[in-house]
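The values are calculated or read from the model by the stated rules, or taken from the named source; none is laboratory data. Model, not experiment: these values are computed from the prediction. Methodologically, a virtual Cβ is constructed for each residue, glycine included, from the backbone with ideal geometry; neighbour enumeration extends over all protein chains shown. Remember, those area values only see protein heavy atoms, side chains included, never the ligands or the DNA or RNA. Shrake-Rupley method; radii C 1.70, N 1.55, O 1.52, S 1.80 Å.
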Amino acid sequence: MSLNTPSTAKTTRSTKPVCNRIAIVFDFDDTLAPDTFDALIESLELDVETFRQERYQPLLDAGWDSTLARGYALLQESQRRQPNQRITRDYLVQLGKQFQPFDGLEEMFDRLHQIVRDLNPKIDLEFYVISGGIEEIACHTSIAHNFKRIWGCQFHYDDRGEIDFLKRVISHTEKARYLMQIASGQESVEGNGRSFAYRDMPEDQLHVPLSQMIYVGDGASDVPCFSVINDEGGISLGVYKDAQTWDDEIQVSESQRVANLAEADYRADSELMRSLTLALESLCKQITLRQLSLDE
């Protein structure tokens, strides 16, 4: 689906432009569902901790980027297996179809859409995923149809459908480029190294301003996005499986702190759903205030 939807932004001389659109952007692995890398390893009947220590960690020790190291370790594993046991596109698709999202997610999307409709039916709500996980798995889960776009790491497949190279990786810092892409409404991130100059584009030409985004992530890979969203006036939320692990392992500066940190539980009465509801209500009210100047 194209992002090039004309913005509903309008402007007057004395008031800020109005864009009747909000985007909620999620990480995928350990934010919406279990880690796709670990799930793939388990599906191959391998021990995750052993694989990480013996196949993944040596690459990190040799200076590899963590996302590249994960992909390369999987390529090596596939190539050493018997031909009928290798990792193929069809295998990843089937794994995605069996993937179980976290509690409450199936119903979360309708709940949040209803909140927006009740507060202001003129506002559109969009959902996106930006992940360092395996895109082929994420795109075939039961919740995939709720997202306007899903970006993740991709493999290239040979003529037998087997993974044979890394096609796209999304590193920690790369995630922020995709936030800019959502803001601009561009169909794809430019591959020539040019980055979108967000602050050079008039706000009334944006698909959705960063100040009207909510970003939800689970850890270190999301810190650059937390920083960008916070700097531009949006809302960032952290999720966890273990709050102590977050405090021990996730080092953030003051500008990278999240508005709230909650367990990855999307059921109606959870703290995370209350956090998402409050964040959404806050942005809806800001947009409604701007609409008053246009007599909308």
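Name the pairs: first residue in segment 224-238 and farther than 8 Å from S211 by Cα and open to solvent by 20 Å² or more (accessible area, probe 1.4 Å), second residue of a type in the set (K, R) and assigned to a loop (DSSP other than H, G, I, E, B), Cβ to Cβ under 9 Å, at least 6 apart or on different chains?
Cβ pairs passing all conditions: N230/R257.
If you check P101 against the conditions, is it in a loop (DSSP other than H, G, I, E, B) and under 23 Å from D29 (Cα atoms)? Steps first, answer last, please.
Numbers: in a loop (DSSP other than H, G, I, E, B): yes; under 23 Å from D29 (Cα atoms): yes.
Yes; evaluated as a whole, the condition is true for this residue.
Residue-wise test of (1) of a type in the set (A, V, I, L, M); (2) at pLDDT 95 or above.
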| site | (1), (2) |
| --- | --- |
| R13 | no, no |
| P17 | no, no |
| D30 | no, no |
| L40 | yes, yes |
| L44 | yes, yes |
| I87 | yes, yes |
| D90 | no, yes |
| Q94 | no, yes |
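For (1) open to solvent by 10 Å² or more (accessible area, probe 1.4 Å); (2) modelled with pLDDT under 95; (3) closer than 28 Å to P209 by Cα, each residue gets a yes or a no:
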{"site": "K97", "(1), (2), (3)": "yes, no, no"}
{"site": "D110", "(1), (2), (3)": "yes, no, yes"}
{"site": "R117", "(1), (2), (3)": "yes, no, yes"}
{"site": "P121", "(1), (2), (3)": "yes, no, yes"}
{"site": "E126", "(1), (2), (3)": "yes, no, yes"}
{"site": "V129", "(1), (2), (3)": "no, no, yes"}
{"site": "I143", "(1), (2), (3)": "no, no, yes"}
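Collect the residues in segment 254-287 that are modelled with pLDDT of 90 or more, open to solvent by 20 Å² or more (accessible area, probe 1.4 Å) and either of a type outside the set (A, V, I, L, M, F, W, C) or closer than 20 Å to P34 by Cβ (or both), keeping them in residue-number order.
E263, D265, R267, D269, E271, R274, T277, E281, S282, K285, Q286
Counting only residues that are open to solvent by less than 50 Å² (accessible area, probe 1.4 Å) and at positive phi, which one in segment 155-213 is modelled with the lowest pLDDT?
G185
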